[in-house]
Every structure is written in structure tokens, then in C-alpha cells.
């Protein structure tokens, strides 16, 4: 599940770039991917009974959709108009940095130590390197990159919100509901930006893959990992997905991979790892023996 999630999310930025190059507006791309995901997932969720209990949590689901889907998807798609798909994937890897920083302001979030703060500094240095050296296009590229980085804040808050406010919600139902909510939220903007031309086969295929794989199945996998492993471990996918983004962008879109790109990738991924894990990558986490609980005897 983790490997497939990395591959799907790493390919999402490739599909977004292909659709953008066909002059499809960001709002229409977000609407199409979320509407397709909802059309695929809601019938499946209804069939397996995954929609039970969602009506009572409708308000929380709409808020989750706004925080973790609508805002990040719009920011990433708008930002990718100015930067490459591989650079977008690398910048999204800074999500664990926000997860660490949010632990100081969100109640009940797990806090890490001083070494994690060192990892945050390394990751921020990587972001600065990529935006200051490797981002082509001058000021507009820097703004686009910052929008992508800002989108990761929504991912961090959304993972915490899902764990705290929506425990026990089945992933298929949650993804279908949040995808439908996002499609409805951006529908007015999408209606104003309907393409004035027939999209090419590459753009149509990219939107379909983005909706079914990069949105629908990917978020089912992510929510499942959050529920079973926790937000911090689920966010580790950010360390693997950038590698897929770079491979896809370089091999399929002929994007450049420079020394600065490699250095920024190492700094962001390495810093994010240290921030989330609280240890250096080459050191193993010390295992703490579980406490032995002796059950009380029943009275004779």
C-alpha cells in the first residue's frame, strides 16, 4: 500500500503538468480529478457499507475536505503553472516539516526533540536552495514554489484532524465524501474556466488517471495508513514520492535534473526524515520493551 501510494502521488504532478500544458485551468483540473474520484468511490463505498455514520459527521468531513483536499490541490495546481513537475514533487516532501511544527500548537499532537528541530532547519535550507537557485522563471517561479510549500501545511493539519475528529471512519467513504465536497466547492470556479477547446488525448488520460489513481485510490491508501500507523508514519510517503516525481518528469517530460536539484532533494527529504523521526537516518530507533501487564485475579 505504501509503495503504490508513493507511485501514484509521485505521478500526480506529471498528470497535472500534462493537463496544464493543454491550457486547462487549475480549477477545472481540481474539479475533474475530484469529481472522477467521487464517481468511482461513492458507489463502491455504498456497496460495502462505508458510508454509514458519515451523515452525522458531515460538517467535519466538509472541513476536512477544505483543509486537506480543496486548498492544497488548488495551491499545488496553481503553483505548478510556474515550476516543473519534478520540482513540485520535491517541494511537497516538506510536509513532515509542518507536521513537526504543528505539534507545538495542535492539542494532542506528538512532539519531537531538539534533533527534529535540526531536521526542520535542514529541510527549510533545501527549500530555499531549490527556490533560490534551481527554480527557473524568476520571481513567478519562487511564488509558485511557495504556494506548493504552503499546500503541505494543509496536509499536516488534515492528517491531525482526521485522526482526532474522525476516528473509525472507513477510508473509502471518507475519500469519496471529501472528493465530492471538493468538487462541489470548486464547481463555480470550474464552470467559469471550462476549456474553450477539445482537450487532447494526453490531457484527457492524465485527468482520468489523476482522478482515479492520484486522488481516489491514493487517498484511500493514505487514510488507511493514517488510521493504522498514525499521521507521522503515514507522512513518510513524502520521502519516496519525490523520487517517482523526478523519474517521471525527467524521463517523460524531459525536465532537467541539476546538481542543485539533487542537493535540494537530499536536504528536504533528509531534513524531513529527521524532523519526523527525531533521529539520524543511519541510526536505528531504540526499541523499548513493552510493559508486562498482569491481569487481576477474579475473586474465588
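The values are calculated or read from the model by the stated rules, or taken from the named source; none is laboratory data. Bear in mind the structure is a predicted one, so any value in this text is a computation, not a measurement. A quick note on method: Cβ atoms are made from the backbone with ideal geometry, for glycine too, and the neighbour counts reach across all protein chains shown.
Output the number of residues of segment 171-184 satisfying the condition of being in contact with a helix residue (DSSP H, G or I) (Cβ under 7 Å, 6 or more places away or on another chain) and either surrounded by fewer than 24 Cβ atoms within 10 Å (Cβ to Cβ) or more than 16 Å from residue 216 (Cβ to Cβ) (or both).
Within segment 171-184, the subset in contact with a helix residue (DSSP H, G or I) (Cβ under 7 Å, 6 or more places away or on another chain) is 171-183.
Narrowing the set further to residues that are either surrounded by fewer than 24 Cβ atoms within 10 Å (Cβ to Cβ) or more than 16 Å from residue 216 (Cβ to Cβ) (or both) leaves 171, 180-181.
Residues meeting the conditions: 3.
Condition (residue is in a helix (DSSP H, G or I) and either more than 16 Å from residue 68 (Cα to Cα) or touching a strand residue (DSSP E or B) at 6+ places or on another chain (Cβ under 9 Å) (or both)) applied to segment 149-169: is it met by at least one residue?
No.
Can you name the residue in segment 229-252 that is under 11 Å from the mean Cα position of the chain (by Cα) and in a loop (DSSP other than H, G, I, E, B) and, of all such residues, is nearest to residue 155 (Cα to Cα)?
The qualifying residue nearest to residue 155 (Cα to Cα) is 235.
Among the residues of segment 233-256, what is the count of those that are surrounded by 16 or more Cβ atoms within 10 Å (Cβ to Cβ) and either farther than 12 Å from residue 13 by Cβ or touching a strand residue (DSSP E or B) at 6+ places or on another chain (Cβ under 8 Å) (or both)? Break it down stepwise before answering.
To start, the set of residues in segment 233-256 that are surrounded by 16 or more Cβ atoms within 10 Å (Cβ to Cβ) comprises 234-250, 255.
After this cut, where a residue has to be either farther than 12 Å from residue 13 by Cβ or touching a strand residue (DSSP E or B) at 6+ places or on another chain (Cβ under 8 Å) (or both) as well, the list is 234-240, 243, 250.
Qualifying residue count for the region: 9.
If we scan segment 210-224, do we find a residue that is farther than 17 Å from residue 92 by Cα and at pLDDT below 80?
Within segment 210-224, one or more residues are farther than 17 Å from residue 92 by Cα and at pLDDT below 80.
Here is a yes/no grid of residues against (1) surrounded by 24 or more Cβ atoms within 10 Å (Cβ to Cβ); (2) under 26 Å from residue 267 (Cβ atoms):
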residue: 15; (1), (2): yes, no
residue: 26; (1), (2): no, no
residue: 30; (1), (2): yes, no
residue: 36; (1), (2): no, no
residue: 70; (1), (2): no, no
residue: 85; (1), (2): yes, yes
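Has segment 180-191 got any residue that is more than 18 Å from residue 64 (Cα to Cα) and free of Cβ contacts under 8 Å to residues at least 40 places away in the same chain?
In the first step, residues of segment 180-191 are kept if they are more than 18 Å from residue 64 (Cα to Cα); the result is 188-191.
Then keep just the ones that are free of Cβ contacts under 8 Å to residues at least 40 places away in the same chain; that gives 188, 191.
Yes: one or more hits.
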